[in-house]
Amino acid sequence: MRKRIVAGNWKMNLTFEEADELLDELMTELEQASLPRDAQVVVCPPFPFLEMTTDYANDSYFMVGAQNVSEREPGAYTGEVSAEMLKSCDVQFCIVGHSERRAYHGETDALVAAKVNRLLQNGLRPIVCVGEVLAEREEGRQLEVVGRQLSEGLFHLDASQMAGVVVAYEPVWAIGTGKTATPAQAQEIHAHIRSLLASRYGDATAQEVSILYGGSCKPSNAAELFGCADIDGGLIGGASLKAADFMAIVKAL
Ligand code: PEP
């Protein structure tokens, strides 16, 4: 059965000392928390803090994700980070297709597909973000947009590969804006994603895939969102930078 997951995306925030302090607080809090057996917590720091984060993770109850990976095999690509490097640093997850990378770094569905392949070839689990921008929602095109992102970014995979992928539905108009999708709006898209997975791969695989909600998720709305049938947890941006807020969201799993 699929896992319930809360993943924290720190984005390009924090200094080394601040990251160290946050990880220390998280480790202490997680030791004391009693989480459901099917719950997983993932912390996705910037690259320079990955090693420190995996050191903490080895003694704690969370797993580590990167925020990006190169679509290329190792070689002469200055400034890039390969899936092999992430694997060798004990990283288990990697965010792909985040709306900020789609908007500012030209990450297309084809690039998402290539990055997903590189991650799966190296035994890492992609967290693939999909979601519509405000204009697309206003035009009522959210189901079509998410369907295209899934089919072009992921549906080249076979069923066993798909079962290793985590999907994050992140309406772009809700990211970092304080505007959260209502539980009904989020559940509608999550159910649609699961039905597309079921049509492409069959019901058993669709039931294996964790589908996370992201977009201004916070302690005050996490429980209601996570209570929806097809919402299996959250991808958390701003609220993952404060241990108390992040832990309150984790406890809503
Ligand atoms: C994100 O960037 O993945 C995100 C969900 O951000 P926030 O929680 O800050 O809206």
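The values are calculated or read from the model by the stated rules, or taken from the named source; none is laboratory data. Everything numeric in this text was worked out from a predicted model, so none of it was measured. All Cβ positions, glycine included, derive from the backbone under ideal geometry; neighbour counts span all protein chains shown.
Quick notes on this one:
- Some residue of region 100-115 being among the β-branched types (Val, Ile, Thr) and within 16 Å of the ligand (Cβ to nearest atom): yes
- Any hit, region 182-198, residues being within 16 Å of the ligand (Cβ to nearest atom), surrounded by 15 or more Cβ atoms within 10 Å (Cβ to Cβ) and under 22 Å from LEU35 (Cα atoms): no
- Within region 211-225, the set of residues being more than 11 Å from the ligand (Cβ to nearest atom) and crowded, with 21+ Cβ neighbours inside 10 Å comprises ILE211, LEU225.
- Taken together, the residues in region 137-161 that are in contact with an Asp or Glu (Cβ under 8 Å, 6 or more places away or on another chain) and either under 23 Å from MET1 (Cα atoms) or buried (at least 18 other Cβ atoms within 10 Å of the Cβ) (or both) amount to 5.
- Residue within region 15-34 that is modelled with pLDDT of 95 or more, more than 24 Å from GLY164 (Cβ to Cβ) and part of a loop (DSSP other than H, G, I, E, B) present: yes
- Hits in region 227-253 - residues which are among the β-branched types (Val, Ile, Thr) and over 18 Å from the mean Cα position of the chain (by Cα): none
- Pairs where the first residue, in region 141-170, is more than 16 Å from LEU235 (Cβ to Cβ) and in contact (Cβ under 8 Å) with a residue 24 or more places away in the chain and the second is crowded, with 20+ Cβ neighbours inside 10 Å and of a type in the set (Ser, Thr, Tyr), C-beta under 6 Å, 6+ apart: ALA159/TYR201; MET162/TYR201
- VAL64 vs. criteria of a type outside the set (S, T, N, Q) and within 16 Å of the ligand (Cβ to nearest atom): no
- Test for ARG37: is it closer than 25 Å to ALA239 by Cβ and at pLDDT below 95: yes
- Near pairs, Cβ below 6 angstrom, 6+ apart or cross-chain, from region 96-118 (over 12 Å from GLY153 (Cα atoms) and in contact (Cβ under 8 Å) with a residue 24 or more places away in the chain) to any residue that is within 14 Å of the ligand (Cβ to nearest atom) and in a helix (DSSP H, G or I): SER99/VAL172
- When restricted to residues that are touching a Cys at 6+ places or on another chain (Cβ under 9 Å), assigned to a loop (DSSP other than H, G, I, E, B) and modelled with pLDDT under 95, region 141-200 contains 1.
- Pick from region 67-99, criterion of a type in the set (A, V, I, L, M, F, W, C) and either surrounded by fewer than 18 Cβ atoms within 10 Å (Cβ to Cβ) or within 14 Å of the ligand (Cβ to nearest atom) (or both), ranking: farthest from VAL250 (Cα to Cα): ALA76
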